[in-house]
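The values are calculated or read from the model by the stated rules, or taken from the named source; none is laboratory data. Computed from a prediction, not measured in an experiment: that's the story for all the values here. Positions of Cβ are generated from backbone atoms using ideal geometry, with glycine treated the same way; all protein chains shown enter the neighbour counts. These accessible areas exclude ligands, DNA and RNA; they are computed on the full protein's heavy atoms, side chains included. Shrake-Rupley method; radii C 1.70, N 1.55, O 1.52, S 1.80 Å.
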Amino acid sequence: MKLFVYHTPEQTPTDSVPDCAIAVDVLRATTTMATALDAGAEAVQVFSDIDLLMQVSAEWPPEKRLRAGERGGAKVEDCDLGNSPLDCTPAVVQGRRLFISTTNGTRALQRIQKAKVVLTAALINRQALVQYLMTHQPETVWIVGSGWQGSYSLEDTVCAGAIAQNLLAELTWSAPISEVNDEVHAAIALYRQWQEQLLELMQQASHGKRLLGLNCYEDLKYCAQLDILNVLPIQREPGVLVKHQ
């Protein structure tokens, strides 16, 4: 297996796609997606353009859809939800499709959607992702952080490090990691430094501070938890994620 970490979608190679690509947006898109699917959402459909989201979702009966829009951490007007995973309770999402557009995470998914397998990960479902990689052994794996408007983010890199460290620990000599980029080593080092203080790291991160300014401390607490959901979002068709069975 060859493993590569990219801090932002813009850093990914433009002349190739991997066997498996993993989008990470811990604060908060990929955390929200995993939570929604775990709570019984029919699917999550992602959009980088909010107007297109409105247009496509209008074709669905209101009782079968939820519109989730976020820009700069705040809920978009005329949407049912923002980007808080805490809003994705079974009572709200059960049997409905979540149409979502966020500042960063949906852009990352759009960049990697042509990979053979597209997954999303956050700290809360880290182990579910690692188990998938162990079982399916894709040859080339990209972990792509969403960052913040094209720049590096601490929380996505620490999540990439959590994934990479766990994967390296699980792999046997029969299926070693044959190649990694420098970003993998850097991500693992960051995770090792902060693994017992993930909430504190998020409070130090620039986007974490933004969310604290919007009174989203409970969101940070939830997003900082490790391995609490056994659910893995997988792309069924471009832009549409379902719960991997």
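Share of carbon and sulfur in the accessible area of the stretch 29-93 stands at 50%, probe radius 1.4 Å.
The stretch between K221 and T14 holds 71.0 nm of extra length on full extension. This uses 0.36 nm per residue minus the Cα-Cα distance. Taking a Cβ cut-off of under 13 Å around G161, the surrounding Lys, Arg, Asp and Glu residues balance to a net charge of -2, with basic ones at +1 and acidic ones at -1.
For V5, neighbours were defined as the other residues whose beta-carbon sits under 13 Å from its Cβ, and their charges (Lys and Arg +1, Asp and Glu -1) total -3. Residues of the stretch 122-165 with the amide nitrogen closer than 13 Å to a label point 7 Å from the Cα of E200, along Cα-to-Cβ, please. From the stretch 122-165, the list is empty.
Structural descriptor for the stretch 1-96: relative contact order 30 percent, calculated from alpha carbon pairs under 8 angstrom and at least 6 residues apart. Dividing the summed -39500 (n - 2.57) terms of all DSSP H runs of n ≥ 4 by the residue count of the chain sets its mean residue ellipticity at 222 nm at -11000 deg cm²/dmol. Report, in degrees rounded to the nearest 10, the 0 to 90 angle that the Cα long axis of helix 154-170 makes with the longest principal axis of the chain. Helix 154-170 sits roughly 50 degrees off the main axis of the chain. Each other residue within a Cβ distance under 12 Å of G69 adds +1 if Lys or Arg and -1 if Asp or Glu, for a net charge of -3. Of all DSSP bridge pairs formed entirely within the chain, close to 25 percent run antiparallel. Relative to the dominant Cα principal axis of the chain, helix 126-136 is inclined by about 60°.
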